[in-house]
Amino acid sequence: MTDTVGASTAVLAAKPDTKPARPHFSSGPCAKPPGWTPQALSTESMGRSHRSKIGKARLQYCIDLMRELLKLPDTHRIGIVPGSDTGAYEMAMWTMLGARPVTAMAWESFGEGWVTDAVKQLKLDPTILRADYGHVPDLNAVDWSNDVLFTWNGTTSGARVPNGDWIAEDREGLSFADATSAVFAYDLPWDKIDVATFSWQKVLGGEGAHGVLILGPRAVERLETYTPEWPLPKVFRLVSKGKLAEGVFKGETINTPSMLAVEDAIFALEWGKSIGGAEGMIARSDANAAALDAIVQARPWLGHLAPDPATRSTTSVCLTVEGADEAFIKAFAGLLEKEGAAFDIAGYRDAPPGLRIWCGATVDTADIEALGPWLDWAYAELTA
């Protein structure tokens, strides 16, 4: 293992005296918001039916907070659905695809998952645009007469689309954005997004299991005018008697939600509101990413997997380590976890060997800054 990283590049580094106060750098589930404790969660809805007055009120309040913080236009519906971001995105694919040709874009593992669904499960014969980890495909090559599947922010590759300018205003197809690690971290152009999905467990630092499905008016029109050829399981059904099941977007979930997870999301949303809403959360993510970039720039053995700053994630930042293989990264991350200095920073299993450090809004910039000396220490330990 040590042969893959030259000992001559090692830098002597003493074990740092100061650790990150909250060493939670996982890219999902992510760090809890500052000040979070289990005791801080409201428990009035615990043990109550999600269809009770209090249950429906809390679900609706959660939806209302998401709309407020995202400044989502009234034209867009927000629904809480099962299966995390994966469930939400597959729900959109299975209910709306097949009406038009499809373009599927993949530059990381989750995008590849949507390609697999489109090709092997729905058998749609899509046009596929791919790029290597750390890069995005040629966005100008997209044919907007097609429905287009893409990942806004590649959680496993650290690469993202730069903005929404490449999405045609006069598009004939629908834009399907897997935005799970992008919502609350970027200023998203909702007029360009027909379908968006995300999970509370990313930028909000909430719990997993539940997904959020956001539908624009063109997506609603598709649902009400098109019936796919394949059968739909109950948890995917968004239409009743030819009309959108509006209750799903008013807190009447398709299946039983965890009210504890809902209360946890409400805590995170109220925290986000207290720091200035989406703008405040975006500013924190940007500051964290800038602090991590300063660490990278100061170390010749560290680099960004996504080389272009315009398409580099500011949430799930993926780093390269000079000469490192999978075993080296496993040992590197293990050392820091054992010391309580950083948890869960090894890169995604399908990505090139490297580090992945979450810089979303719930992380404190001081903890990113405190991480730098610990990276030096772990590198020196393994290359000495």
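Taking all protein chains as they are arranged and a probe of 1.4 Å, the heavy atoms of residue 237 leave approximately 130 Å² accessible to solvent.
Using Stokes-Einstein with the Kirkwood hydrodynamic radius over Cα pairs, what translational diffusion coefficient do you get for the chain at 4 °C and a viscosity of 1.567 mPa s, in µm²/s rounded to a whole number?
For the chosen part, D equals 60 µm²/s.
When +1 charges are put on Lys and Arg Cβ atoms and -1 charges on Asp and Glu Cβ atoms, the dipole computed for the chain relative to its Cα centre reaches about 1300 debye.
Which lysines does residue 32 reach when only Cα atoms under 22 Å apart count, and residues fewer than 8 places away in its own chain are ignored? Excluding near neighbours in sequence, the set is 19, 202, 273, 338. Taking one quarter of the surface of the convex hull spanned by the alpha-carbon atoms of region 91-241 gives a direction-averaged projected area of 8.7 nm².
The share of accessible area on region 168-323 that comes from carbon and sulfur is 53 percent, using a 1.4 angstrom probe.
What FRET efficiency, computed as 1/(1 + (r/R0)^6) with R0 = 35 Å and r the Cβ-Cβ distance, is obtained for residue 17 and residue 119, rounded to the nearest 0.05? Approximately 0.10, to the nearest 0.05. Once the chain from residue 130 to residue 366 is taken as fully extended at 0.36 nm per residue, the excess over their C-alpha distance is 81.3 nm.
Kirkwood hydrodynamic radius of region 278-347, from the reciprocal of the average inverse Cα-Cα distance over all distinct pairs: 13.3 Å. Considering only alpha-carbon pairs that sit under 8 angstrom and 6 or more positions apart, the relative contact order computed for the chain is 28 percent. Built from the Cα atoms of region 70-120, the convex hull projects on average onto 5.0 nm², one quarter of its surface area. Rg and Dmax of region 101-154, based on Cα coordinates, read 10.3, 28 Å. For the pair residue 139 and residue 255, a Förster radius of 41 Å applied to the C-beta separation gives a FRET efficiency near 0.65, rounded to the nearest 0.05.
In this structure, the residue pairs whose Cα-Cα separation is over 20 Å, taken from 56/250; 53/241; 56/192, are 53/241; 56/192.
With a ≥ b ≥ c taken as the square roots of the eigenvalues of the C-alpha gyration tensor of region 139-224, please select rounded if a/c is under 1.5 and otherwise prolate if a/b is larger than b/c or oblate if it is not?
oblate
Averaged per residue, what accessible area in Å² does the chain show with a 1.4 Å probe, protein chains only? Solvent-accessible surface per residue comes out at 41 Å².
Roughly how many whole Å is it from the C-alpha centroid of region 48-113 to that of region 214-276? If you average the Cα positions of each part, the centres end up 5 Å apart. If you take all C-alpha pairs in region 10-74, what percent of them are over 16 Å apart? Cα-Cα pairs of region 10-74 separated by over 16 Å account for 71 percent. Here the calculated FRET efficiency for residue 350 and residue 286, from their Cβ-Cβ distance with R0 = 30 Å, stands at 0.65, rounded to the nearest 0.05.
For residue 24, the accessible area of its heavy atoms, probed at 1.4 Å with every protein chain present, is near 90 square angstrom. In region 39-161, the convex hull through the Cα atoms has an average projected area of 10.5 nm², a quarter of its surface area.
Applying the criteria of a DSSP loop state and at most 12 other Cβ atoms within 10 Å to the trypsin sites (Lys or Arg not before Pro) of region 90-136 yields 123. Overall, the accessible surface of region 20-154 at a probe of 1.4 angstrom is composed of carbon and sulfur to the extent of 51 percent.
The values are calculated or read from the model by the stated rules, or taken from the named source; none is laboratory data. Note that this is a predicted model, so its numbers are computed, not measured. Quick reminder, even Gly has a Cβ in these numbers, built from the backbone with ideal geometry, and neighbours come from all protein chains shown. Side chains are part of the model used for accessible areas, which takes the heavy atoms of the whole protein and leaves out ligands, DNA and RNA. Shrake-Rupley method; radii C 1.70, N 1.55, O 1.52, S 1.80 Å.
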